[in-house]
Amino acid sequence: MDGIHDLGGMHGFGAVVAPGGEAPYHERWEARVFALLQLVDLEGLGARPGDRATIEEMDPVDYLAASYYERWLWSAEQRLLRKGTIAAGEVEQMMERLAAGGPEPPAHRDPDQAARVVQWLGPEEIVPMQPATRTRFVPGQGVRVRRMHPAGHTRCPRYGGGALGVVPSRVERARREDGIGRARRWGMGPADLFLLSRDEAERRVQVAGLLAASFTPHCAALDPARLARGLARVVERLGVPIHEGTPVTRVRPGRADTPHGPVRAEVVVRATEGYGTTLPGLRRSLLPLYSLMVATEPLPEEAWKEIGWAGGETMAAGGHLFTYAQRTRDGRIAFGGRGAPYHFGSRIRPAYDRDEGVHRRLEATLAELFPPAAGAGITHRWGGPLGIPRDWTASVGLDRDTGLAWAGGYVGDGVGTANLAGRTLADLICGRDTDRTRLPWVQHRSRPWEPEPLRWLGVNAVRVLAGSADAAERRTGRPARLRERVLERFLGG
């Protein structure tokens, strides 16, 4: 299953705290929920499947916002509704009557039923499990988990699909091996990032021209729109109002200006990525560089049998103007890449989200890499600007004197990084000294981009240079070293 309940292997949820000696119930209603669950099963009052499988149908935001017994109560209500034991709206009507001061429903006492439940639960004495005499694994040993996408209920945790870096040439293989070497020096171990042989890579996905692939397990695909809407619902449930449709025209100490007046706060956080360049004084802080995508229609099962790609991996391919892709939950290929032009003055326009030439190149590359998808219709084309700092280094910080905080410059890797940035900002604003606030990117300030027209000339020249380097390497089979040195100066800031 790929639901939010499959937390095994996920990051960002903090440590598992086992306080010890804690009572089984925090409040009396939790004990009542436990008793209700036993009755639903014992008396056959609820529909199948059982409670655990039903819980996995919860909306991810509701699941994360609910406590342990709130999830079980939700599951019991759904099962009772589906069996017809209670009517639709019956629970809501009862809640409204109680909220209006109406009488509570009469208590139901059935000693025989209670005795049956106690007997059904089994003996009170807990029989400890005997340790295995022979263990299959030792602490710290790497294991491989089977990756599946079944339609039904399973208890297989997700662990993320990981990320593949497709190697289409000897030049790219050398580049990947060099990248793995640098990762080792930064502390990534052999289980964190490694190279797959051609056979190993093709067991995961069939890509035309594949020679090898790098792989890291530390990646998972998600639906960004669902994430954004879900985060908004969580924030609103915490009592925080969200005001949409009101543009911020300027950010200054203690306030954010809008056409309708200022919004005042002790700390103002700017987390606007490439869109922040539209604010006064910030035009050269980041470069809004567009990345565009296409998505196919759902592919037939025959195509997926040829392609494979059943493990949920994300994928990147190509050289300096690389492409990236994932298999969606509804059987499409979502495929994106760089190469869109930079617009003079860091302009951002809705029309720039679509570039016919770039989208055409993406469609051709998709068909080249995945021949079984070559005839598929393209149903979606879109894009948006990334936020690129001059030194290509993301940062998060707080200026206590002005009350201005910032986070961004993620260069397209913003989902996980923004999560870390948010938690780091919370520590900074609350004055907490933590491991997060001591990370190197905290309070880092990138130098500004060059003024126009140098910025426009330089960025678009590098874009053309990257494309020509890729073409030269495909043509000659050798690294385009001179072009690479120029690109490294640009990317290294």
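We did not get these values from a lab; they are worked out from the coordinates using the rules stated. Just so we're clear, the structure is a prediction, and the values are computed from it rather than from any experiment. Note that we place each Cβ from the backbone using ideal geometry, even for glycine, and neighbour counts take in every protein chain shown.
Only four residue types carry charge here, +1 at the Cβ of Lys and Arg and -1 at the Cβ of Asp and Glu. Report the dipole size of the chain about the Cα centre in Debye, rounded to the nearest 20.
Approximately 2320 debye in magnitude.
Along the Cα→Cβ direction, 7 angstrom out, place labels at R489 and N419. What is the inter-label distance in nm?
The two pseudo-label positions are separated by 4.0 nm.
Return the sequence-ordered ³J(HN,Hα) values of the range 45-57 in whole Hz as given by the Karplus equation 6.51 cos²θ - 1.76 cosθ + 1.60 applied to θ = phi - 60°, using x for Gly and Pro.
7, x, 6, 8, x, x, 4, 5, 5, 5, 4, 5, 8
On full extension of the chain, what length is gained from L457 through L121, given 0.36 nm per residue of separation minus the C-alpha to C-alpha distance?
Extra length available between L457 and L121 comes to 113.5 nm.
Can you tell me what share of the DSSP beta bridges in the chain is antiparallel? A percent to the nearest 5 is fine.
The antiparallel proportion sits near 85 percent.
Angle between the Cα long axis of helix 481-492 and the longest principal axis of the chain, 0 to 90 degrees, nearest 10?
For helix 481-492, the angle is close to 50 degrees.
Could you run the Karplus curve 6.51 cos²θ - 1.76 cosθ + 1.60 with θ = phi - 60° over the range 93-106 and give me ³J(HN,Hα) per residue in whole Hz, x for Gly and Pro?
In residue order, the calculated couplings are 5, 5, 4, 5, 5, 5, 5, 8, x, x, x, 6, x, x Hz.
Across the range 165-176, in residue order, what do the Karplus-derived ³J(HN,Hα) couplings come to in whole Hz, using 6.51 cos²θ - 1.76 cosθ + 1.60 with θ = phi - 60° and x for Gly and Pro?
x, 5, 10, x, 8, 5, 4, 5, 4, 4, 5, 5
Just flag the GluC sites (Glu not before Pro) in the range 51-115 sitting in loop per DSSP whose Cβ has no more than 16 other Cβ atoms within 10 Å.
Taking the range 51-115 and a limit of 16 other Cβ atoms within 10 Å, the loop GluC sites (Glu not before Pro) found are E57.
Which is farthest toward the positive dipole end of the range 326-465 among L454, P350, V396, measuring Cα position about the Cα centre, with Cβ charges +1 (Lys, Arg) and -1 (Asp, Glu)?
Looking along the dipole axis, the top candidate is P350.
Which cross-chain or sequence-distant (5 or more) residues have an amide H under 5 Å from the amide H of L196, H modelled 1.01 Å from N in plane?
Close amide H contacts, sequence-distant or interchain: A213, S214, F215.
With the crude spin-label approximation of a point 7 Å out along Cα→Cβ, what separation in nm comes out for F194 versus T246?
So the label points at F194 and T246 sit 5.4 nm apart.
How high is the relative contact order of the chain, given as a whole-number percent (alpha carbon pairs under 8 Å, six or more residues apart)?
13 percent
How do 397-407, 182-192, 361-371, 298-308 rank on mean C-beta neighbours within 10 Å, highest first?
Averaged packing, sorted descending, gives the order 361-371, 397-407, 298-308, 182-192.
Want the number for A364 to A310: 0.36 nm per residue separation, take away the alpha-carbon distance, what's left?
My answer for the length gained is 17.1 nm.
List every residue whose amide H lies under 5 Å from the amide H of S291, counting only residues 5 or more places away in sequence or on a different chain, with H placed 1.01 Å from N in the peptide plane.
G384, L386
Between W29 and R438, with labels modelled 7 Å along Cα→Cβ, what's the label distance in nm to one decimal, could you check?
4.2 nm
Determine the gain in length on full extension of the stretch E356-A47; use 0.36 nm per residue of separation and subtract their C-alpha separation, reporting nm with one decimal.
106.1 nm
For D353, what is the net charge nearby, where nearby means another residue's Cβ is under 14 Å from its Cβ and Lys, Arg count +1, Asp, Glu -1?
Net of charged neighbours comes to +2.
Using amide H atoms built 1.01 Å from N in the peptide plane, name the residues 5+ places from R252, or on other chains, whose amide H lies under 5 Å from its own.
Result for R252 returns D257.
Counting only helical runs of four or more DSSP H residues, what would the 222 nm mean residue ellipticity of the chain come to if each run contributes -39,500 (n - 2.57) and the total is spread over all its residues?
-10500 deg cm²/dmol
Can you tally the net charge around G383? Count Lys and Arg as +1, Asp and Glu as -1, for every other residue whose Cβ sits under 13 Å from the Cβ of G383.
+2
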